[in-house]
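I have placed the structure first, in the form of structure tokens, so that the comments after it can refer back to it.
The values are calculated or read from the model by the stated rules, or taken from the named source; none is laboratory data. Quantities reported herein were computed from a predicted structural model and do not represent experimental measurements. Glycine also receives a Cβ, built like all others from the backbone with ideal geometry; neighbour counts cover every protein chain displayed. With ligands, DNA and RNA removed, areas are computed over all heavy atoms of the protein, side chains included. Shrake-Rupley method; radii C 1.70, N 1.55, O 1.52, S 1.80 Å.
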Amino acid sequence: MNIFKLQDSRKRRVALAALVIAGSVVGVAIAAWTTGGSGSGQASAGSASSMTISAGTPTSSLYPTASADVAATVSNPNPYKVHISSVSLGAISVDGGHSGCNTASVTVTSPQDNSGSGWDVPAKSGGVNRSLALDLANAISMSNAANDSCQGATFTIALTATGASTT
């Protein structure tokens with residue numbers, strides 16, 4: 001037997017095998033690009049939790065014939081940020097040690113909207129509610145009718161976030 005014919009025959013078989021393998025890889029690649037399918041998916045919506053608003057630390061004091069800021073902190077328990085378009089200020093009460101203060105001499109400017117921009121309260125992160133400190137500029141004022149019992153008083157104002165939406 002001729003050794004050169006044997007080597008030629010092996011080369012032909014190797015070349016043929018390589019050609020068959022290459023052809024099948026191309027066939028699979030083409031099939032992967034031209035294949036399709038159908039079916040369905042599913043998603044479920046969560047439920048929104050109410051934010052809480054608590055008293056903050058005022059940066060200014062209230063005096064007769066003057067205005068002051070109202071400070072509050074908004075806490076967001078939701079896993080998404082919430083945009084508040086405005087905050088309405090409501091009923092005014094005074095601390096127990098100053099019950100003789102005539103709260104009718106105290107008024108609020110409502111609603112507050114941060115010059116039309118509103119506020120974004122950050123989303124809950126890692127199981128911790130995120131919060132935003134609000135400083136409602138000049139939102140409370142005291143008239144000259146305030147009596148001496150109002151000196152040193154702490155006023156509590158009911159606040160309601162309105163127009164809240166996710167963004």
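So the values come out like this:
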{"read-out": "Considering only segment 65-148, percent of DSSP beta bridges that pair antiparallel, nearest 5", "value": "100 percent"}
{"read-out": "Using alpha carbons only: equivalent-ellipsoid semi-axes of segment 73-117, gyration tensor based, whole Å", "value": "30, 16, 6"}
{"read-out": "Accessible surface of segment 77-167 [probe 1.4 Å, protein heavy atoms]: carbon and sulfur percent", "value": "47 percent"}
{"read-out": "Alpha-carbon radius of gyration plus Dmax, which is the widest Cα pair, for segment 48-167 in Å", "value": "15.7, 50"}
{"read-out": "For residue 102, net neighbour charge (Lys/Arg +1, Asp/Glu -1) across residues whose Cβ lies under 15 Å away", "value": "-2"}
{"read-out": "Cβ-derived FRET efficiency at R0 30 Å, residue 104 paired with residue 52, nearest 0.05", "value": "0.55"}
{"read-out": "Positive minus negative residues near residue 77 (Lys, Arg vs Asp, Glu; Cβ under 14 Å)", "value": "+3"}
{"read-out": "Per residue convex hull volume, Cα atoms of segment 95-149, in Å³", "value": "116 Å³"}
